[in-house]
Amino acid sequence: MNRQYQMSQLEYQGLLKVASEQVPFGIYAVEKKDYAELRCDKCKSITQLKDLTRKFKAQGFKVLANGR
């Protein structure tokens, strides 16, 4: 069920705030140029979070995550 939405930067920033609250420890969004993807990747350890972050960065994404 993939859906794409267009929204203003202000609407996106509000959505990011809500997404960050839903993922207390993990990745909640990735961004690349004019593309952003909301995620809900919950991690169990700092090592898992770092590994997942490295994988997205290797693909050219900016990673938005909550850590300890």
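The values are calculated or read from the model by the stated rules, or taken from the named source; none is laboratory data. Source: prediction; values computed, not measured. We place every Cβ from the backbone using ideal geometry, glycine too, and count neighbours over all the protein chains shown. Just the protein is used for accessible areas: all its heavy atoms, side chains included, with ligands, DNA and RNA removed. Shrake-Rupley method; radii C 1.70, N 1.55, O 1.52, S 1.80 Å.
Points worth noting:
- Residue within the range 33-45 that is over 9 Å from the mean Cα position of the chain (by Cα) and of a type in the set (A, V, I, L, M, F, W, C) present: yes
- Residue that is nearest to M1 (Cα to Cα) [pool: residues in the range 23-32 that are assigned to a strand (DSSP E or B) and either among the β-branched types (V, I, T) or open to solvent by 70 Å² or more (accessible area, probe 1.4 Å) (or both)]: V30
- The C-beta contact set for the range 16-42 (first residue at positive phi, second residue open to solvent by 30 Å² or more (accessible area, probe 1.4 Å) and assigned to a loop (DSSP other than H, G, I, E, B), distance under 6 angstrom, 6+ apart or interchain) is empty.
- Of the criteria (1) under 16 Å from G67 (Cα atoms); (2) hydrophobic (A, V, I, L, M, F, W, C); (3) open to solvent by 80 Å² or more (accessible area, probe 1.4 Å), which one A19 fails: (3)
- Taking the range 33-68 as the range and being of a type in the set (D, E, K, R), outside any helix (DSSP H, G or I) and open to solvent by 80 Å² or more (accessible area, probe 1.4 Å) as the test, the residues that pass are K33, D34, K42, K44, K62, R68.
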